[in-house]
Structure formats: structure tokens, C-alpha cells
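Below: one structure, written as C-alpha cells.
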Amino acid sequence: MTMHFEYKIEGGDFTRAGYASSQVKRSLKQLNVDPKVIKRVVVALYEAEVNVVAHAYSGIIEVYIDTEKIKMILTDKGPGISNIELAMEMGFSTATPEVREMGFGAGMGLPNIKKNSDEFKIESEVGIGTKLEIVVFIKQ
Amino acid sequence: MDNNSTSIKHSGNMKLKDVAEMLNGRVVSGIEHIDKEVEFAFSSDLMSDVLTVQKDNVILLTGLANVQALRTAEMSDISCIVFVRNKKVSVDMLKLGKESGIVLIECPSSMFRASGVLFSNGLKPVY
């Protein structure tokens with residue numbers, strides 16, 4: 001059986017950033033998933049959610065939970081990433097001062113998402129948007 | 001001199017109520033969790049750094065008083081945030097604090113002083 005959740009994200013709406021991650025955390029707790037796994041999932045998802053809020057116009061988060069893994073797909077409409085290799089480098093950032101005031105924008109998000117995931121895919125098209133696929137296995 | 005030869009005894013666990021008392025802090029949310037014990041502290045205004053912390057039983061000292069500090073703590077399983085430099089907890093932050101059960105403490109000290117006090121009383125650094 002697979003559980004499926006979907007959340008909308010508004011670009012620029014920092015007051016709501018983290019809402020989806022918080023809901024996912026609640027669900028995983030109810031499912032008695034190992035807290036260490038939950039932390040990896042929600043840290044990765046929260047970083048990705050903040051990225052959409054910080055850079056895109058809008059986005060959708062899809063979360064699929066089955067007995068083996070948690071799969072998260074974030075699809076946004078936004079400026080896209082012109083050089084993914086560079087964006088994956090620790091410390092590289094195009095964040096605005098507003099994003100930095102929120103405590104982010106240090107160029108650590110994408111590397112940290114990758115670190116916390118077992119499978120990580122990123123696709124982006126300039127002027128269209130970015131798609132992120134994150135998988136964390138429940139049994140480590 | 002290696003880390004073990006320091007004169008400070010890092011015996012580990014400290015109750016959140018002791019943290020509040022040592023820092024002359026005001027507990028504005030989560031008073032019911034004040035007897036919880038913690039082992040580590042991390043001081044940062046950059047939430048991206050906080051999200052890389054792997055340890056458990058950590059408290060966060062920060063001057064970043066916004067909703068994202070609470071969200072970051074929530075995702076990182078951080079049970080208590082100390083807001084240093086006299087930063088105030090807003091109504092939105094209080095609401096989120098109540099929801100997530102995170103202990104929120106307002107503290108008049110600088111981050112350096114607050115960190116120093118907790119360190120010298122045995123709270124451990126995460127690295």
C-alpha cells in the first residue's frame with residue numbers, strides 16, 4: 001500500500017515555508033518510522049521546500065510513503081537552474097538578501113538534501129522550473 | 001592540549017530549567033517540558049548550518065527570531081531554542097511553539113556570553 005500526500009507551495013511565502021515538512025513529520029511519526037529516518041526525510045524536504053519558496057513562483061510537493069521508502073517529488077515553476085553542477089557546490093548561492101535574513105541562502109541546501117537522501121535526482125530547465133526527486137529508505 | 005585536558009567537566013545532561021536559570025532567561029513557551037534534559041548546544045543565526053547538525057538532545061542558541069528558526073528546530077528534533085541578544089518571540093512564533101512543543105526561552109545576553117555560560121557549566125558542543 002502506498003500513502004500519497006500533496007502540498008502546494010507559494011513562492012516568497014516564508015510564513016508557510018515548512019508547513020508541508022511539518023505535516024509529513026507528523027504522518028511518519030504516526031507510522032512509527034525510526035526517528036533517525038524521519039529526521040533525514042524532513043530535513044531534506046524542508047530544505048527543498050525553502051528552496052522553492054526562496055527561488056520559484058510556485059510549486060507542488062508530492063510525497064509517497066510505502067513500506068520500503070519515502071519518495072518526495074518537488075516540481076516548481078520558476079527561473080530554473082542554469083548550471084546544476086555549480087548549484088550543487090557547497091557555498092554557491094543565488095539567494096536574495098531577504099532569503100538570507102530568514103537564515104538561509106548560504107549555498108548549503110542542495111548539498112544537504114543530497115546528504116540526507118538515499119536517491120537524489122535534479123532536473124531543471126531555465127525559464128521553466130526545477131524538479132527534485134528525493135528518496136529515503138525506511139530500513140537503513 | 002587536547003580536548004580532554006580542558007578544565008571544564010562536560011558531564012552531559014542539563015535540565016532545560018537550569019539552562020533558563022543560568023541565562024537569566026524567560027521561558028515564554030513549553031514550560032511543561034522544562035524538566036527535559038539536554039546534552040549539547042549549537043549556536044548559530046544561520047539555519048542552513050543548524051540543519052546539518054546530526055546529534056540528538058541539542059538546544060539551539062540563536063539571534064534569529066522568526067518562524068523559520070522554529071521550523072528548523074522542529075525538523076532537526078531540537079527541543080529548545082534560546083533567543084539571545086534580547087530578541088523577542090512573536091505571536092506567530094508562539095503559536096508554532098505551542099503546536100510543536102518546543103521550549104522557547106528569551107535571553108538578554110549576547111550569543112557569546114550565553115554560549116560561554118552553558119559551555120562552562122558542562123553542556124557539550126556538537127563538534
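The values are calculated or read from the model by the stated rules, or taken from the named source; none is laboratory data. Treat the numbers as computed from the prediction; the structure is a model and nothing was measured. With ideal geometry, Cβ positions are generated from the backbone for all residues, glycine too; neighbour counts draw on all protein chains shown. Heads up: the accessible areas ignore ligands, DNA and RNA and are worked out on the full protein's heavy atoms, side chains in. Shrake-Rupley method; radii C 1.70, N 1.55, O 1.52, S 1.80 Å.
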Among A:E125, A:E62, A:E101, the residue with the largest mean-square fluctuation in a Gaussian network model of chain A built from Cα contacts under 10 Å is A:E101
Any idea which of A:V37, A:G18, A:I65 is furthest toward the positive side of the dipole for segment A:1-67, if Lys and Arg beta-carbons carry +1 and Asp and Glu beta-carbons -1?
A:V37
Among A:G91, A:V126, A:A48, whose Cα sits farthest toward the positive end of the charge dipole of segment A:13-140 (+1 at Cβ of Lys/Arg, -1 at Cβ of Asp/Glu, about the Cα centre)?
A:A48
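How high is the relative contact order of chain B, in percent, counting Cα pairs under 8 Å that sit 6 or more residues apart? Before the final figure, lay out the partial values.
On the way: 254 pairs, mean separation 42.7, N = 127.
34 percent.
Determine the calculated [θ] at 222 nm for the protein assembly as shown from helices alone, applying -39500 (n - 2.57) to every DSSP H run no shorter than 4 residues and normalising by the residue count; nearest 500 deg cm²/dmol. Write down the numbers at each step before the final one.
On the way: 10 runs with 90 residues, N = 267.
Mean residue ellipticity at 222 nm (helix-derived): -9500 deg cm²/dmol.
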For the protein assembly as shown, count the residues as N, evaluate 2.2 N^0.38 Å, and divide the Cα radius of gyration by that value, please.
1.02
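Using a probe of 1.4 angstrom, how much of the accessible area of segment B:25-125 is carbon and sulfur, in percent? Working shown, then result.
On the way: 2110 of 4030 Å².
The nonpolar share, carbon plus sulfur, comes to 52 percent.
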GNM on chain B, Cα springs under 10 Å; top mean-square fluctuation among B:V117, B:V103, B:V82 goes to B:V117
Average projected area [Cα convex hull, segment A:94-138], square nanometres:
4.1
Candidates B:F40, B:F112, B:F83: whichever shows maximal mean-square fluctuation once chain B is modelled as a Gaussian network with Cα springs under 10 Å:
B:F112
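First select every other residue whose beta carbon is under 11 angstrom from the beta carbon of B:I34; then total the charges, Lys and Arg +1, Asp and Glu -1. It would help to have the intermediate numbers written out before the result.
On the way: positive: B:K15, B:K17, B:K36; negative: B:D18, B:E21, B:E32, B:D35, B:E37.
Around B:I34, the charge tally is -2.
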Using a basic spin-label model with each label point 7 Å from the Cα along Cα→Cβ, how many nm lie between B:V126 and B:E32?
2.7
Output row B,A: buried area (accessible, probe 1.4 Å, summed both chains) in Å², nearest hundred, equals 1900
Return the sequence-ordered ³J(HN,Hα) values of segment A:11-26 in whole Hz as given by the Karplus equation 6.51 cos²θ - 1.76 cosθ + 1.60 applied to θ = phi - 60°, using x for Gly and Pro.
x, x, 8, 6, 5, 9, 4, x, 4, 4, 4, 5, 5, 4, 4, 4
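What FRET efficiency, computed as 1/(1 + (r/R0)^6) with R0 = 22 Å and r the Cβ-Cβ distance, is obtained for A:E10 and B:D49, rounded to the nearest 0.05? Working shown, then result.
Numbers: r = 26 Å, r/R0 = 1.18.
The computed FRET efficiency comes out at 0.25.
Per 0.36 nm of contour for each residue apart, how much would the distance between A:K29 and A:N83 grow if the chain were fully extended, relative to their Cα-Cα spacing? Numbers along the way, then the final one.
Details: separation 54, 0.36 × 54 = 19.44 nm, distance 3.67 nm.
The span from A:K29 to A:N83 would gain 15.8 nm if fully extended.
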In whole percents, the bins of 10 Å from zero upward hold the Cα-Cα pairs of segment A:6-134 as 13, 48, 32, 7, 0
Given a Förster radius of 22 Å and the C-beta distance between A:K139 and A:E62 as r, what FRET efficiency does 1/(1 + (r/R0)^6) yield to the nearest 0.05?
0.50
Please give the solvent-accessible surface of A:V63 in Å², to the nearest 10, using a probe radius of 1.4 Å with every protein chain present.
0
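Given A:K29/B:K87; A:K8/B:K36; A:K8/B:K55; A:K25/B:K95; A:K36/A:K69; A:K25/B:K17, which pairs have Cα atoms separated by over 25 Å? If you can, show how the numbers build up before the last one.
Numbers: A:K29/B:K87 32 Å; A:K8/B:K36 36 Å; A:K8/B:K55 31 Å; A:K25/B:K95 18 Å; A:K36/A:K69 14 Å; A:K25/B:K17 27 Å.
Pairs exceeding 25 Å: A:K29/B:K87; A:K8/B:K36; A:K8/B:K55; A:K25/B:K17.
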Would you give the gap between the C-alpha center of segment A:15-67 and the C-alpha center of segment B:46-76, rounded to a whole Å?
16
Quick one: if you take sqrt(5λ) for each eigenvalue of the C-alpha gyration tensor of chain B, what semi-axes come out, biggest first, whole angstrom?
23, 15, 14
Hey, any idea what % of segment A:3-137's accessible area is carbon plus sulfur with a 1.4 Å probe?
52
Give the long-range amide H neighbours of B:S29: residues separated by 5 or more places, or on another chain, with amide H under 5 Å away, using H modelled in the peptide plane at 1.01 Å from N.
B:L104
